[in-house]
Amino acid sequence: MYRALAAAKSSPLVSSFDRKSLSLQSALYRRCIYTTKVNLHDNPLGLPRKSDAPSFSIPRKSGPPQKRRIPHVKNVVVVASGKGGVGKSTVAGTIVNLAVALALRKGANDSMHRPRVGLLDLDIFGPSIPKLMGLDNADEPLLTSSGAIVPVKNHGLPCMSMGFLLPKQGSREDSAVVWRGLMVQKAVQQLLFDVDWRDGIENEAEGPGLDVLVIDMPPGTGDVPLTLGQLVLVDGAVIVSTPQDVALSDVRKGISMFRKLSIPVEGLVLNTSYFLCPSCSTPHRLYGSSDSVHRMAKELGTSVLGELPLIPEVSEGGDRGTPFMLGVTGDRALNAPSLAWRSVMESTAEHLWKALNSKST
């Protein structure tokens, strides 16, 4: 394109007016292509940097980077799905309710403190955590004196998401992140290592860190999970799927990716597995039998942690920004589908907690 413009300008058949027009086009082309600032790629979130504290980066030629812990976080659990739209974070709010179930968990002795749980949304292009946690109108996160991001908190859970960092002019829901791979990788690195998860850090108090950080992953096997798997010591992964074969084929790819990255897969959660109508107690398998899911799990050496029924209260709670594990009371909380949903989420949280503790001992 640039060479063609230059050749046209030098042609004797082009008038002086046309040459000026071509010169303007050439200047605009060079500006669009060549003047992207290097520091924008190195610091896409625009965090203040100290000269003596260079940003962490992936080595290009010196071999794979060494994995490390996220500062002030004891355990990291990722919730992923091979296929988008299976209810990992939006339709069923699985990740939010799993984090709440972990946070509500008590030890054998009720005097023991509940785990301190945080939520990190790594879906750069389609962040859902702000909406699901009732924080879609939250102000931009504060920064500590050292330039770290302070998580935004609601329902007792500290949260961080790309959605909090989008400009508030107009509607954040209409703001799109249009970035190439390098920008995405750098933003993921900053969300992983430049957030201070300690309690009370917004008041410059250095309280305890997190017992568990639950990370919402984007669907697929692209830049984000690869960056996370290369840089962070992840303690476990939970895969969310629906019963259809088209979703299960991508679940296989997701499990394969995690194993290549040495991330242990704790099991699968089957979402919208069945529907219980108010007038009967027979499960209606709207999306097909779950037998194929159990066969696949056995074949791949993992387990199905539970089957979640399809209930409208979960979706309604997500739209209101109130997780189902917290927001449903009265008769609706005691009906059979609600009790079944809660039971699966609590048992999944219990399984994860035991798995995390067994690895730390």
In this structure, does Ser249 turn out to be surrounded by fewer than 21 Cβ atoms within 10 Å (Cβ to Cβ) and within 21 Å of Ser289 (Cα to Cα)?
yes
Quick check, is Gly84 more than 12 Å from the chain's Cα centre (by Cα), modelled with pLDDT of 90 or more and in a loop (DSSP other than H, G, I, E, B)?
no
When you check Leu305 against the structure, is it modelled with pLDDT of 85 or more, in the same structural domain as Leu157 (by TED's automatic domain parsing) and of a type outside the set (Phe, Trp, Tyr), yes or no?
yes
Given the structure, is Gly207 surrounded by fewer than 21 Cβ atoms within 10 Å (Cβ to Cβ), outside any loop (DSSP other than H, G, I, E, B) and at negative phi?
no
Is it fair to say Ser249 is polar (S, T, N, Q) and in contact with a helix residue (DSSP H, G or I) (Cβ under 8 Å, 6 or more places away or on another chain)?
no
From Asp174, Asp211, Asp194, residue being modelled with pLDDT under 85 and closer than 30 Å to Pro48 by Cα
Asp174
Condition (residue is farther than 27 Å from Val76 by Cβ, aliphatic (A, V, I, L, M) and in contact (Cβ under 8 Å) with a residue 40 or more places away in the chain) applied to region 330-339: is it met by at least one residue?
yes
Under 19 Å from Asp194 (Cβ atoms) and either among the basic types (Lys, Arg) or at pLDDT below 85 (or both) - does that describe any residue in region 144-154?
yes
Checking the condition within 30 Å of Ser358 (Cβ to Cβ), of a type outside the set (Phe, Trp, Tyr) and without any contact (Cβ under 8 Å) to a residue 24 or more places away in the chain, which residue from Ser279, Ser262, Ser256 passes?
Ser256
Can you tell me which residue among Arg295, Arg259 is closer than 24 Å to Asp223 by Cβ and assigned by TED's automatic domain parsing to the domain that holds Leu98?
Arg259
Part of a helix (DSSP H, G or I), small (Gly, Ala, Ser) and touching a Leu at 6+ places or on another chain (Cβ under 9 Å): is that true of Ser256 in this structure?
yes
Identify all residues within region 324-361 that are more than 22 Å from the chain's Cα centre (by Cα), modelled with pLDDT under 90 and over 22 Å from Ser281 (Cα atoms); write none if there are none.
Gly327, Asn357, Ser358, Lys359, Ser360, Thr361
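The values are calculated or read from the model by the stated rules, or taken from the named source; none is laboratory data. Because the structure is predicted, anything quoted here is derived from the model rather than measured. Neighbour counts run over all protein chains shown; Cβ positions are idealised from the backbone, glycine included.
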